[in-house]
Amino acid sequence: MVYINGNDLTLAEVVEVARRGEKAGISPEAKKNVQKSRDYVEKLVEEERVVYGITTGFGKFSDVHISKEETTSLQRNLIMSHACGTGPHFTEDIVRAIMLLRANALSKGFSGIRLETIQALLDMLNNGVHPAIPEKGSLGASGDLAPLAHMVLPMLGMGEAYYKGELMDGGEALKKAGLTPVTLSAKEGLALINGTQVLTATGALATYDAANLLKLCDISAALTGEALECITDAFLPGLHTVRPHQGQMDTAHNMLQLLAGSERTTKQGEIRVQDAYSIRCVPQVHGASKDALNYILDRVAVEINSVTDNPIILPDLDMALSGGNFHGQPMAITFDFLGIAAAELASVAERRIERLVNPHLSNLPPFLTPHGGLCSGFMIAQYAAAALVSENKVLAHPASVDSIPSSGNQEDHVSMGTIAARKARDICDNVSRVIAIELVTAAQGIDLNARTIGKRLGKGTGTAYELVRSFIPKVDEDRILYKDFDKALELVKSNAIVEAVENAVGSLR
């Protein structure tokens, strides 16, 4: 059980709940804070004080007063009217992360929601009732209104949800799970949907995947280095301590660790003076993405434990402050940064793949086949990688530089943060596929380098090579390659290669 209180949820815990089915509960301390905030909201309603979203309408209708008798209808109408999402549904892991992050923010005790309403959301999560949430339709301010409204619909017995893999009516899903719908009270509809949890959940899981990919990119680059007899002098510490970017130094350390003991690598001047940038500059290129990721991880850690409502309930100050914490700009820029940082990993990997298959750039047989002409070998593998890289170039254009006014120009600047997060997710998926192609291509290059056949691989690269070969045999004559790449992709997404290599050489940085 992951216990939430709005203050110390970690990305690792989000992954446990989202992808491994861990359950979540509210800590005793958080329950007290939630109740205190709720008591204050009920006081505001009883006194009929003018507070945005509690005794007023929403957005452009913020000047319309709502009586205490109408507050329940106000919240229900809000959810129904705001459920305007479109497009394919978010995957189950993202939906589970959305539910957890929203509950975590609410449990911090500044949202004015009832404890039983948060528990109803967690009951859905813990019992496998996953709302059908369309991916498209959020501006990232005021938070993720449309998709979060779809999250709430099944709580009310409406909308659609997945239960045991089947899409059905939201009320039916609750019934099958032994749950009952809730009736929203004052402030609760707004508290549930006015936040950045859709964009944050999507981007946070992409960030986690990118962190795992970074080590694997070093491994795949080192495997390519083995096939191309790379010059290891470019990774020596003395070169990098004079330009001490941490990611650069860490990557250079990894490359030496992976290649240690190799009889296939060379020294400066043995067969060439220097390698091409895609090999020689691996520490600089991969390292820049690592430094970016460290910044992104820090921003994610802050956001998953933040209150992104409006208004913010501050009972100790006798205030309900209407502000802009729902604005997704801090994470929109962050997830655009993630997309750019990840895209570069695939870009440089594709150039390494080109060096492996192009006979003008290596000592290897053309397109890595011993039967050139009759067989095309890995010719189109590079095509596929190039297509993914080109797609990433389009996706990496920042969403956060765009804005379209909404709600009668009351909400006149928005973040497009959910688009940024979705693009970053798609870029990371494309990177995984490019790295899968590089792993298979590099292993083929290792097998076909006539100058080094029979020579020992490095301790780390040897482990990676053996694991790849245990699933994907050498290509002697043309066969259907996408099946090989799909197997490699499974290895990539399982993180099995990184785990095996770290067991052999120690932790990579």
Which residues qualify? For ALA260, with a placed amide H closer than 5 Å and at least 5 residues away or on another chain, they are LYS459, GLY460
Could you state the number of Å between the C-alpha centres of the stretch 97-152 and the stretch 58-95?
-> 12
Step through the residues of the stretch 220-230 one at a time and calculate ³J(HN,Hα) from phi using the Karplus curve (6.51 cos²θ - 1.76 cosθ + 1.60, θ = phi - 60°), rounding each to whole Hz and writing x for Gly and Pro.
-> 5, 5, 5, 4, 4, x, 4, 5, 9, 6, 5
Could you rank the peptides 300-309, 8-17 by their average count of other C-beta atoms within 10 Å per residue, with the highest value first?
-> 300-309, 8-17
Working from Cα positions, state the angle (0 to 90°, nearest 10) between the long axis of helix 379-395 and the longest principal axis of the chain.
-> 30
Net length gained if the chain between TYR383 and VAL302 were fully extended (0.36 nm per residue, minus Cα distance) = 25.2 nm
Where does the chain land on Rg/Rh, using Cα atoms and the Kirkwood Rh?
-> 1.07
Output ³J(HN,Hα) for the stretch 339-345: one whole-Hz value per residue in order, computed from phi by the Karplus curve 6.51 cos²θ - 1.76 cosθ + 1.60 with θ = phi - 60°, and x for Gly and Pro.
-> x, 5, 4, 6, 4, 5, 5
Quick one: what are the phi-derived ³J(HN,Hα) couplings along the stretch 164-173, Karplus 6.51/-1.76/1.60 with θ = phi - 60°, whole Hz, x for glycine and proline?
-> 6, x, 10, 7, 8, 4, x, x, 5, 4
Considering the alpha-carbon set of the stretch 2-195 alone, what are its Rg and its Dmax in angstrom?
-> 15.9, 46
If contacts are Cα pairs under 8 angstrom and at least 6 residues apart, what is the relative contact order of the chain in percent?
-> 17
Residues meeting the amide H criterion for ILE26 (H placed from the backbone, H to H distance under 5 Å, 5 or more places apart or on another chain) are ILE4
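Please compare each pair in LYS290/LYS393; LYS267/LYS474; LYS23/LYS108; LYS215/LYS487; LYS108/LYS215 to a cut-off of 23 Å on the Cα-Cα distance and tell me which ones are over it.
Details: LYS290/LYS393 19 Å; LYS267/LYS474 28 Å; LYS23/LYS108 18 Å; LYS215/LYS487 19 Å; LYS108/LYS215 35 Å.
Beyond 23 Å: LYS267/LYS474; LYS108/LYS215.
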Pairwise centroid distance, computed over Cα atoms, of the stretch 374-414 with the stretch 310-333, Å = 32
On a 0 to 90 degree scale, rounded to 10, what angle separates helix 417-448 from the longest Cα axis of the chain?
-> 20
Fewest to most neighbouring Cβ within 10 Å: what's the order for ARG425, ARG49?
-> ARG49, ARG425
Taking Cα atoms, the helix 28-47 axis meets the longest principal axis of the chain at an angle in degrees (rounded to 10) of 40
Which percent, nearest 5, of DSSP beta bridges in the chain are antiparallel?
-> 75
Given 25 °C and 0.890 mPa s, how large is the Stokes-Einstein diffusion coefficient of the stretch 373-509 in µm²/s, with Rh as the Kirkwood radius over Cα pairs?
-> 138
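Report the extension gain between LYS267 and ALA450 in nm, rounded to one decimal, defined as 0.36 nm multiplied by the number of residues separating them, less their alpha carbon distance.
64.0 nm
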If unit charges are put on Cβ atoms (+1 for Lys and Arg, -1 for Asp and Glu) and the dipole of the stretch 2-195 is taken about its Cα centre, the option from TYR3, ALA149, GLY170 lying farthest towards the positive end turns out to be TYR3
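Bear in mind these aren't lab numbers, they're just calculated from the coordinates by the rules spelled out. Only a predicted model underlies this, so the values are computations on that prediction, with no experimental measurement involved. No Cβ is skipped: glycine too gets one built from the backbone with ideal geometry, and neighbour counts run over all protein chains shown.
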